[in-house]
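For reference, the structure is listed below as structure tokens.
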């Protein structure tokens, strides 16, 4: 079986990069491909230092006008991976961490259970701000509050898929199958409908109740701290035009900021993740490049989170 690749499209996300990379390397992903566009925070330099050491492949993602960054980046990454020995691919943003329960097992567990399937459905599990107004410096130990369970009526999914069986992919699932009858399963190997893999890109698998089973979830830290969430207004959206999505009190903020219960299961792999973080930071130039990303975040926060912008980026009495 080929290796399991991880792909992400990032812009100005250097303060999150090393933890996301360390954790996913610990659970068995590799190669890791990160596509970037229009970065101002120094994350391009950080990725270049990591690439020099063989920890990632860094692809620049120049964009024609009107092209969503993730659509272009995923296509670029799939073309690159076609010449590697990777078989499976997952596209996860820097705020998404795959948790194979209980306690973040290796990603190979779910590809082995998938058998001959081509796509594995991975449900989002939404994590809230945990009461943090200011970025605490790490995601996994600081953000453990979440929704009690995904809502079958609204839950969205990410995918782990055999990328050579598809011509394209969206940020949620592969599209345009190159085979007649692609097979979709949940993380436990139970069959799902393949209908969402055809036609326009979608974000939900069916039947939803089966798709939610299987013992894996994507911990989606879509909010993190208030300052991180609001500065997404400067970064922009990966798959759509500008909107009020990243405003406090917006529809998305109300959906995603879930602090109903605690889920600390992913921290079973925290000691290994912390050790991998230390190893990555010891690589030539990495710690210095990460520090520049942190300095950029602090300076940008001071400049952009003004009283005027805080008012502009807050929806009062949103329905």
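Throughout, read-outs are computed from the coordinates displayed, never taken from laboratory work. Here the structure is a predicted model, which means the values were calculated and not measured. Quick reminder, even Gly has a Cβ in these numbers, built from the backbone with ideal geometry, and neighbours come from all protein chains shown.
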* To do: May I ask you to derive the FRET efficiency for residue 278 and residue 51 from their Cβ-Cβ distance with R0 = 25 Å, giving the value to the nearest 0.05?
  => 0.85
* Ratio of segment 3-312's C-alpha Rg to 2.2 N^0.38 Å, to two decimals? -> 0.95
* **Residue order, fewest to most beta carbons within 10 Å, for 76, 279, 269** => 279, 76, 269
* residue 82-residue 151 FRET efficiency (beta carbon distance; Förster radius 35 Å; 0.05 resolution) -> 0.40
* Expected 222 nm ellipticity per residue - DSSP helices of 4 or more, -39500 (n - 2.57), all of the chain, to 500 -> -9000 deg cm²/dmol
* Asked: Extension gain residue 299-residue 190, at 0.36 nm per residue separation less the Cα-Cα distance, in nm?
  -> 34.4 nm
* Theoretical FRET efficiency, 1/(1+(r/R0)^6), r = Cβ-Cβ of residue 176 and residue 38, R0 30 Å, to 0.05 -> 0.65
